[in-house]
């Protein structure tokens, strides 16, 4: 069996949820799994579908899951908090890494 060499610090984004109004990707990084989400339409029913699929995804993954956040984006911060992410680490370029964990540890 051939084992691919690690050439970069991260791998391509892979879609893990594809719905009519949103797509969620995982990106495996040497330090963990990062999540990305693109939303094309947002309302109460889309939000409910996102919450439901997020529950299944986090159960399947087991955590931790990380998200990159820009300090100035308040809407994104609200979104991260809605799905249970918490600030984890500050980066020097006005970015933060947020984390979702399956336990309080």
What are the pairs, 6+ residues apart or on separate chains, where a residue within region 92-105 that is at positive phi and surrounded by fewer than 17 Cβ atoms within 10 Å (Cβ to Cβ) has its Cβ under 9 Å from a residue that is in a strand (DSSP E or B) and at pLDDT below 80?
none
Hits in region 26-39 - residues which are under 16 Å from residue 98 (Cα atoms) and not in a loop (DSSP other than H, G, I, E, B):
26, 27, 28, 29, 32, 33, 34, 35, 36, 37
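From the list 55, 62, which one is over 11 Å from the mean Cα position of the chain (by Cα), surrounded by fewer than 16 Cβ atoms within 10 Å (Cβ to Cβ) and touching a residue at least 12 places away in the same chain (Cβ under 8 Å)? Working first, answer last.
On the way: 55 fails: touching a residue at least 12 places away in the same chain (Cβ under 8 Å).
Just a single option satisfies the conditions, and that option is 62.
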If residue 50 passes every condition in (1) over 12 Å from the mean Cα position of the chain (by Cα); (2) surrounded by 15 or more Cβ atoms within 10 Å (Cβ to Cβ); (3) farther than 17 Å from residue 24 by Cβ but one, which one does it miss?
(3)
Matching entry among 88, 69 (being out of contact with any helix residue (DSSP H, G or I) (no Cβ under 9 Å at 6 or more places or on another chain) and surrounded by 12 or more Cβ atoms within 10 Å (Cβ to Cβ))
88
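Within the bounds of region 80-100, is there any residue that is part of a helix (DSSP H, G or I) and within 24 Å of residue 11 (Cβ to Cβ)?
Kept after step one, since they are part of a helix (DSSP H, G or I), are these residues of region 80-100: 80-82.
Filter once more, keeping what is within 24 Å of residue 11 (Cβ to Cβ): 80.
Yes, region 80-100 contains a residue that is part of a helix (DSSP H, G or I) and within 24 Å of residue 11 (Cβ to Cβ).
Quick grid of which residues meet (1) modelled with pLDDT under 90; (2) assigned to a helix (DSSP H, G or I):
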| position | (1), (2) |
| --- | --- |
| 17 | no, no |
| 23 | no, no |
| 41 | no, no |
| 54 | no, yes |
| 69 | yes, no |
| 72 | yes, no |
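The values are calculated or read from the model by the stated rules, or taken from the named source; none is laboratory data. The model shown is predicted, which means the values in this text are computed figures rather than measured ones. A quick note on method: Cβ atoms are made from the backbone with ideal geometry, for glycine too, and the neighbour counts reach across all protein chains shown.
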